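The values are calculated or read from the model by the stated rules, or taken from the named source; none is laboratory data. Remember, it's a predicted structure, so these values are computed and weren't measured experimentally. All Cβ positions, even for glycine, are placed from backbone atoms using ideal geometry, and neighbour counts span all protein chains on display.
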Ligand SMILES: [Zn+2]
């Protein structure tokens, strides 16, 4: 649901997208801390999280951190029953549109993307070795890549994060 235009209701928006396998809480906390520092904590009157509401991984973790902090959360669950395979992608687009709408009202908006490897054994893109340059095989999970691309195309600032020690392992180049 895209909220009605409510100028200045929310001052700062974080759109979270990320892998269902994301489990690195220290890295996520550090990303949010950096966003806060960039904005200036004293300016953040009313922050809001936009989340795809997946019950595990990055969405669930981000929602928990925001709930614990007492901040607002607006969820965009995918319509997996009615929306078929494209449900997650449609949801991403709705979420980015909402973020844009907030940006139009003057809110500061950041998209934070918590990237992890695609683990689908039968992934049709399994020959996509996007990460070879980082010293390992494979590619990032598709939903996160799609959402961050939508956010970028919409002109939103994107901050990428990867789990420490898993995706990028400098010095270990096993290909
Ligand atoms: Zn894949």
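Descriptive notes on the structure:
Here's the yes/no breakdown for (1) touching a strand residue (DSSP E or B) at 6+ places or on another chain (Cβ under 8 Å); (2) crowded, with 17+ Cβ neighbours inside 10 Å; (3) assigned to a loop (DSSP other than H, G, I, E, B); (4) modelled with pLDDT of 95 or more:
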{"site": "127", "(1), (2), (3), (4)": "no, no, yes, no"}
{"site": "152", "(1), (2), (3), (4)": "yes, no, no, yes"}
{"site": "155", "(1), (2), (3), (4)": "no, no, yes, yes"}
{"site": "166", "(1), (2), (3), (4)": "yes, no, yes, no"}
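- Yes/no for residue 88 being touching a helix residue (DSSP H, G or I) at 6+ places or on another chain (Cβ under 7 Å) and within 16 Å of the ligand (Cβ to nearest atom): yes
- Positions within the stretch 28-51 being at pLDDT 95 or above and in a helix (DSSP H, G or I), in sequence order: 28, 29, 30, 31, 32, 33, 34, 35, 36, 37, 38, 39
- In the set 91, 120, 137, only one residue is within 24 Å of residue 28 (Cβ to Cβ) and part of a loop (DSSP other than H, G, I, E, B); that residue is 120.
- Residue in the stretch 110-118 that is without any contact (Cβ under 8 Å) to a residue 24 or more places away in the chain, closer than 29 Å to residue 38 by Cβ and away from the ligand (no atom under 15 Å from the Cβ) present: no
- Test: residue in the stretch 131-142 that is touching a residue at least 60 places away in the same chain (Cβ under 8 Å) and either more than 11 Å from the ligand (Cβ to nearest atom) or crowded, with 18+ Cβ neighbours inside 10 Å (or both): yes
- Residue check, residue 65 touching a strand residue (DSSP E or B) at 6+ places or on another chain (Cβ under 9 Å), outside any helix (DSSP H, G or I) and away from the ligand (no atom under 16 Å from the Cβ): no
- Test for residue 22: is it at pLDDT 95 or above, surrounded by 15 or more Cβ atoms within 10 Å (Cβ to Cβ) and closer than 15 Å to residue 141 by Cβ: yes
- Annotation: residue 146 fulfils all but one of (1) without any contact (Cβ under 8 Å) to a residue 60 or more places away in the chain; (2) more than 16 Å from the ligand (Cβ to nearest atom); the unmet one is (2).
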